[in-house]
Amino acid sequence: MTVNVLLVLIALAIVLARLRWHRCSHALLASALILLLAIGCGPVPIWLLAQLQSVPATTAPIDWGQRNAIVLLGAGTVRVAGSGEVEASLFAYGRIGKAAQLYRACRQAGRECKVEVSGGDARGLGRPEAVVYTGELRRLGVDGADLLLEPRSMNTWQNAQFSGPLLQAYGADRVLLVSSGYHLRRGLLYFAHFGIHAMPVRADYVGGVRSWLPLSYNFAMADLALHEYAGIARYRLYNAMGWNIRATKAGAP
């Protein structure tokens, strides 16, 4: 996303230079250089991610309810070259590990607990994220009887939409939302829209890197943050235009 913006600015500058609009061309080239350094050297992604991850995720011991639901949001799957097997992506393991950790803590507290795994086959690899992650959770000690699968959702909005009926059927009185730090703000917003007021639990935290030279990593982090901000802005726009599904009140069917 950010690299494309840079390329467009440079292309426009070249076109304007050929049209002999030199002042405009120089201004665009200067803008492209400033953007290159601001993003690639770290200031922009560091600031964007810090603001995005300011959600006060739970770190203290949890006051468990009687019927607890740990909602694990998917972070993609990958097909292993040469074998055809489908595994959880690199970004998913922190979330999976955190969900298993919370499950053990809940059981040790003597409370009833379910892990709801939400995620479909968004990449078309033949196995939904929920199914793939279930195997990892089982290996980490989560009882199969305590797993609730939601294998249809293709995005965060559908994670929230399709999780609602499962959580209501279970009768959860405490819901924990497990995701990456950068994803929690948008996830909480969408889940609240469907009447699910969850406690955020951060599985991981990411940030930009300060560098004297532009790094591709910083461009990737900026794109990651901008994707989340775009999702939040789109939600608010759709709400204002009346395009979203009507919001569900907490506790409503």
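Points worth noting:
- Residue check, Ile96 modelled with pLDDT under 95 and either of a type in the set (A, V, I, L, M) or in contact with a helix residue (DSSP H, G or I) (Cβ under 8 Å, 6 or more places away or on another chain) (or both): no
- Being farther than 30 Å from Gln101 by Cα and touching a residue at least 60 places away in the same chain (Cβ under 8 Å) holds for only one residue in Pro214, Pro200, and it is Pro214.
- Scanning segment 164-173 for residues being outside any helix (DSSP H, G or I) and open to solvent by 50 Å² or more (accessible area, probe 1.4 Å) gives a total of 1.
- Evaluation of Ala247 against the conditions (1) surrounded by fewer than 13 Cβ atoms within 10 Å (Cβ to Cβ); (2) closer than 30 Å to Asn4 by Cα shows that the sole unmet condition is (2).
- Residue within segment 100-113 that is open to solvent by 20 Å² or more (accessible area, probe 1.4 Å), of a type in the set (Gly, Ala, Ser), under 13 Å from Val178 (Cα atoms) and touching a residue at least 40 places away in the same chain (Cβ under 8 Å) present: no
- Of all the listed residues (Leu19, Leu9, Leu90, Leu36), the sole one being open to solvent by less than 80 Å² (accessible area, probe 1.4 Å), out of contact with any Gly (no Cβ under 8 Å at 6 or more places or on another chain) and without any contact (Cβ under 8 Å) to a residue 60 or more places away in the chain is Leu9.
- Qualifying residue in segment 141-163 (condition: open to solvent by less than 30 Å² (accessible area, probe 1.4 Å), closer than 25 Å to Asn239 by Cα and in contact with a Lys or Arg (Cβ under 9 Å, 6 or more places away or on another chain)): yes
- Meets criteria (within 20 Å of Ser163 (Cα to Cα), out of contact with any Cys (no Cβ under 6 Å at 6 or more places or on another chain) and in a loop (DSSP other than H, G, I, E, B)) for Ala75: yes
- The condition (being surrounded by fewer than 21 Cβ atoms within 10 Å (Cβ to Cβ), under 17 Å from the mean Cα position of the chain (by Cα), closer than 30 Å to Leu148 by Cβ and at pLDDT 95 or above) is satisfied by just one residue among Leu189, Leu176: Leu189.
- Members of segment 125-140 that are crowded, with 16+ Cβ neighbours inside 10 Å and touching a residue at least 40 places away in the same chain (Cβ under 8 Å): Leu125, Arg127, Glu129, Ala130, Val132, Tyr133, Glu136, Leu137
The values are calculated or read from the model by the stated rules, or taken from the named source; none is laboratory data. Computed from a predicted structure; not experimentally measured. For neighbour counting, all protein chains shown are included, and Cβ atoms are generated from backbone atoms with ideal geometry for every residue, glycine included. Note: accessible area is taken over every heavy atom of the protein model, side chains too, but ligands, DNA and RNA are not part of it. Shrake-Rupley method; radii C 1.70, N 1.55, O 1.52, S 1.80 Å.
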